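Structure record follows, encoded as structure tokens.
The values are calculated or read from the model by the stated rules, or taken from the named source; none is laboratory data. Treat the numbers as computed from the prediction; the structure is a model and nothing was measured. All Cβ positions, even for glycine, are placed from backbone atoms using ideal geometry, and neighbour counts span all protein chains on display. Each accessible area value is taken on the protein alone, full model and side chains, heavy atoms only, with ligands, DNA and RNA left out. Shrake-Rupley method; radii C 1.70, N 1.55, O 1.52, S 1.80 Å.
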Amino acid sequence: MAPPTLIPLDANRPLSTKEISDQASVFQWNPYIPMKAWLRTANTLSQEGKSYLLDGNFPQAYLLYMRYLTLLVDFLPKHPEAKTYEGERALREINKSLPSVVENLEYIKTIIQKDYNEWKSSQVRREEEFRQKQKAGRARSKSPTYDERASRDPALSATSRLLDASDHQELAVELAQREIRRRDANRKAIRQPGVRTAGFWDNWTNELADRQAEDEELFRRKMEMTRRELDGAEDGLVDDIPRRESRPPVTVPSRNSSYRYPSIAKSVPIQYEVQQPSESRTSTPQPPRPPKEGLPQWHEPSPSRAPISLPPELPAKEQIYPERTLSTTETPQELPTLPPKIHEAASEPPKKQQRLTFKPAAYLESGEPIRSVFLPSYLRHKFLSIASENTRRGLEMCGILCGTAVNNALFVRCLLIPEQKCTSDTCETENEGSMLEYCMNEDLLMLGWIHTHPTQTCFMSSRDLHTQSGYQVMLPESIAIVCAPKDNPDYGIFRLTNPPGLDHILGCTQTATFHPHSVVNLYTGAQRPKGHVYESEKLEFYVHDLRPGARNDPAQNKNF
């Protein structure tokens, strides 16, 4: 058997449970990061795994649940703060989710193993084909970089239609908002007293097939609309096509009007023959032609036309009748065979139904891919209006960017205002337990944060870098938005570089609030076109304020 390295990696090949488990155990554990940050990370892993489970992306859900399990069982109990009263209570609370996570892992494991075994059974044939190509000198010496990375990405390892988010931004937002509404409706139905709803695994095959079919239909409609728009633009450039269509009926009859009568005269012999009684019958049935010898005798008596018409009718019926009997005998034999073929063809697509999955939007400095993040374009302005009083007083303020993962992309849909302590240079979140509880109840991921620099420029301070490392250690797509109303530009969307930024900040042991770092290029812009963040005017969001005394009536849940 040839070494696996000689065979090109399949970008969409299924991964085994061992391969996924090995990836799940690889992450940067740092006991110096506060316990509350790790609890927030654990919540993000759990919610993200649930989102991929609902998407039917079982390999990625398995990776996230395994990483969540590893973090809770192997690492968090070793944290220095785990021995404190608050730490022990927090661990007891979060460990309540372990039974459901283990149950999901058991179900997912059987699905992943089945897909991997089916792929493995056909691997021998692919290897043989590759060897033959290699002998013929047509094999590539090395796989493309994208295939190498995609073959190790569980999110892309299953059968799916891969799309580029930059080319399908409106489709991505529409699919996400439809899925978010569906999940919200299911969550509200579960909370209703006396209402019993089925679990995910009770009817998951039919539900996923229906959702994937809906996504595929929406994708086709979007493509058709794009084609029509392009065709409309082309029609505007080709205005002479209608004139060519209208030319024949206008010009040709006018020039050939003198020939109408001669052309009618050419059919005069036909009219002349019609005047003969025998020819009037020969126009419809052709058999009268053989008895032309008896025309003079049968011309005078009109009643003799009956025997003349009978001979042609009988043979005509004999010729038409067997043809009809053959056609009627064949059609009932064909009709029963066609429906089964149609039903078989219609029953196959659900099994082969491909879900829509968006490719990575960008790559880290290490070459690892990161997913697209869609950000409501109005969210920044709404946050500035909420923070306007603090900005007027020269105090910072922060908010949490919460969202959902759909089709391997991340969508910010909630601006969460936590309890916080604000100064002119810092803003520290407080009572993070309420923040985690709200996100768990609403199935929200913490995708980053936003804060103001009311008196400073638009940059990431050393304090901001350490805060961002807590978000980005487990979610590399996490972003930090800095709003500096007095600066130009007045805002920026950033992430830590990796490497060197994330590794250096995680290894920094300085305790001063603001301190210098010996490494430059610690953070970079995250907005498109070079980054992975798209701002969308069509993406809806809402605001929820956790500060004491804040009003969170139903009106605040309206979408902006």
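Taking the Cα centre of the range 419-560 as origin, work out the dipole magnitude from +1 charges on Lys and Arg Cβ and -1 charges on Asp and Glu Cβ, in debye rounded to 20.
Numbers: 10 positive and 18 negative charges, 83 e Å.
Once rounded to the nearest 20, the dipole reads 400 debye.
Using heavy-atom solvent-accessible surface (probe 1.4 Å) with all chains present, what is the largest-first order of MET66, MET440?
Details: MET66 40, MET440 100 Å².
Of MET66, MET440, the descending order of accessible area is MET440, MET66.
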Inset, instruction - Would you check the accessible area of GLU224, probe 1.4 Å, heavy atoms only, in square angstrom rounded to 10? - result: 80
Inset, instruction - Give the peptides 469-479, 87-97, 490-500 in descending order of average Cβ contacts within 10 Å, highest first. - result: 469-479, 490-500, 87-97
Inset, instruction - Using a 10 Å cut-off on Cβ atoms, rank the peptides 432-438, 504-510 from the highest mean neighbour count down. - result: 432-438, 504-510
